Each structure stands twice: as C-alpha cells, then as structure tokens.
Amino acid sequence: MQITVNGQKTTVNEGITLYNFLKDKGLDPQKVVVEHNYRIVRSEEWQNIVLKENDNLEILKFVGGG
C-alpha cells in the first residue's frame, strides 16, 4: 500500500499503525511531531491510527544544539 511521507511515496504493509511505522523507522517519539492527513496528532493517538492507502504524513524531527 502506498502512503506519502514528507512528500515521498512510500510503500507500507496494510494494517500498520502510525506508532509501528515510526518505530520501524527508528524514530524517537519524544523527538518528533507527526501530521497525519494535515492534522497534527499527539503521540498518545499514534497506536490508534491505522494507516490507509494514500494517507499523507509529515514528520518533523527536533534537533538539539546551540
């Protein structure tokens, strides 16, 4: 199944949750913000969101520094 992640078409398994997708990508939940279909979602919601064909994700990573 195809979704768009940060403007790039990506193939994912059907039935995968947003949480598992992020985990598979090695992303730290404390350091990212996720927009799912143009709506920012809290990390508490990630396990309840099952990705569907043509979904759109924007993932922003926080980077520390000085």
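The values are calculated or read from the model by the stated rules, or taken from the named source; none is laboratory data. What you are looking at is a predicted structure, and each value in this text was computed from that prediction instead of being measured. Every residue, glycine among them, receives a Cβ derived from its backbone with ideal geometry; neighbour counts consider all protein chains shown.
Observations, loosely collected:
- Residue satisfying all of: in region 54-65; part of a strand (DSSP E or B) and farther than 16 Å from ILE3 by Cβ; modelled with the highest pLDDT among these: LEU60
- Residues in region 42-64 that are loosely packed, with under 10 Cβ neighbours inside 10 Å and not charged (D, E, K, R) were compared, and the one that is farthest from GLY26 (Cα to Cα) is GLY64.
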